[in-house]
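Here, each number is a calculation from the coordinates, and none is a lab measurement. From a predicted model like this one, the values you see are computed outputs, not experimental measurements. Methodologically, a virtual Cβ is constructed for each residue, glycine included, from the backbone with ideal geometry; neighbour enumeration extends over all protein chains shown.
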Amino acid sequence: MRSKDFVRAAEGTLEGPLSGKVSGKTGAHAAGAAGMAGKDRFAAWTLAVAFLFVLCADTLLGVVFRPYLDGGTGDTTVWDVLLLVMGRSPERLPLDSWEPMMTAFTWLREHGKENVYDAVFFTQHVKFQYPLTSLLVMEALSAVGLLHLRIYAMINLLMVVATVGGMALLMRELAERMGFDRAVRGGVSRLTLAALGAVAALCFYPVVKAFAVGQIQVWLNAAFVFATLFYLRDRRALAGVLLGASTLIKPQMSLFLVWALLRREWGFAVGWAAVVVPGFAAACSLYGFRPSMHYLDVLSFLGQHGESYYSNQTVNGLLHRLLHNGPNLMSTTNGDTEWRGSAFAPYHPLVHIATLVSGVAFVLFGLLWRIRDGGRQPIASFLVAGTCFTIGTPIAWVPHYGVLLPVCAYLLFVLIAQAVKERTMADRRGALGKLLLLGAGFAILSNDFFHPLSELADTSFNILQSYLFFTALMLLHLLVTTTDAPNHAPGPARLS
């Protein structure tokens with residue numbers, strides 16, 4: 001019997017004595033059972049291989065080759081996070097977001113309803129790049145006597161744990177929604193599936209990097225994971241609440257309101273507004289309406305300048321580095337090429353125009369893609385929007401790409417389903433090739449390759465320093481083309 005006949009027999013599409021088919025209802029039932037068994041076995045094996053791949057890729061790149069990747073600087077990997085969970089003092093971590101927020105909060109306490117952005121951002125050159133609504137967190141912590149940097153680090157640690165738990169739940173939910181519930185029905189299979197989501201989160205460099213540098217982005221990454229989970233469970237209002245809370249910290253998430261309104265996702269929009277409207281009102285009451293609106297000056301400045309530092313993984317950062325318009329490395333010397341956290345890239349008209357055009361293009365694509373698809377797999381549109389809204393900003397640091405973690409999880413199940421449905425060996429090899437491409441993308445996103453690529457900083461090959469940006473584009477392409485691919489056989493349940 002030829003190998004392709006074995007495949008067809010497992011799928012219940014081969015007729016004859018080896019197929020297990022007989023006439024009438026019995027034959028149909030046998031064919032269906034054989035197809036389900038083959039589908040379940042393939043899904044179970046693929047998920048097991050994915051789990052081993054995640055462990056091996058992170059062990060190999062995060063441990064064995066780590067001295068060659070980070071140059072012995074001790075940049076954070078999943079293992080550092082695990083050590084912190086096991087007892088290392090979290091107060092030793094940098095506080096990238098919390099320190100400028102504390103500076104702005106203290107200034108407002110001393111000066112009242114005045115222009116904090118002019119004083120702190122433009123004069124003191126402290127990168128407080130958040131709206132005043134973000135300081136409501138400070139107000140809440142101050143009210144209960146927990147306004148301390150050590151508390152912020154502990155909260156960030158809890159948010160990483162929440163992200164891990166959210167990914168475990170999301171993986172199980174995706175398996176059920178994609179029709180693989182039979183493959184993961186056993187206790188060991190369900191545990192393996194949850195472990196895959198948890199380990200993937202701990203291996204994901206944007207997630208652990210956010211924790212390592214003390215960014216409030218760990219909150220937003222956790223919120224996006226759970227927003228994806230709630231959206232998938234058709235609890236749209238809760239998803240809107242989480243992204244509304246994210247908007248109070250990161251205004252670009254307000255684009256999700258437009259996205260929801262264009263699709264008549266009223267529950268999502270109501271949940272978003274239920275958080276943002278009172279949050280903005282509270283900020284205006286505490287700090288004043290005009291100071292709150294001065295944040296637009298900061299956004300305008302960021303759009304015009306951006307960042308040349310290698311960690312800015314956007315069109316803006318890529319062009320600044322290609323044109324050598326500003327330093328992209330953090331030097332230990334006091335030379336002119338040293339990147340300083342208080343400085344921005346010099347203004348360049350070409351970079352400004354390209355940033356604006358590309359930003360509009362990404363935002364429009366995220367808003368309009370599959371706007372009239374009749375409700376087919378709306379979770380794909382949700383994930384495309386989150387990816388585009390991140391890529392299209394002038395400044396997107398490595399931690400901001402934590403939104404790609406749910407994208408990788410979704411693509412894993414979609415590609416497994418596509419491989420199961422393909423009838424020919426050639427088509428199945430193509431689907432397996434996409435799975436390998438997804439694995440390569442995840443391996444790239446899970447490790448820090450910036451140090452070895454820093455040798456290219458002063459050359460025209462520094463375009464390779466934007467490897468995370470290109471990986472995000474690859475995953476976006478894979479997400480769009482895979483979801484739009486025609487079905488050759490009845491597919492799994494609609495993801496909604």
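Couple of notes before you dig in:
- Shape call, the range 414-478: gyration tensor on alpha carbons, a/c limit 1.5: prolate
- One decimal place: the segment Tyr347-Leu262 gains 27.1 nm when fully extended, by the rule 0.36 nm per residue minus the C-alpha distance.
- Note on Leu323 and Ala274: their simple-model spin labels are 4.6 nm apart, each label 7 Å out from Cα toward Cβ.
- Extension gain from Ala282 to Val161, taking 0.36 nm per residue of separation minus the Cα-Cα distance: 40.6 nm
- By the beta-carbon count within 10 Å of each Cβ, the least crowded to most crowded order of Trp397, Trp369, Trp272, fewest first, is Trp369, Trp397, Trp272.
- Pairs with C-alpha atoms separated by more than 24 Å, drawn from the list Lys113/Lys209; Lys113/Lys250; Lys250/Lys434, are Lys113/Lys209; Lys250/Lys434.
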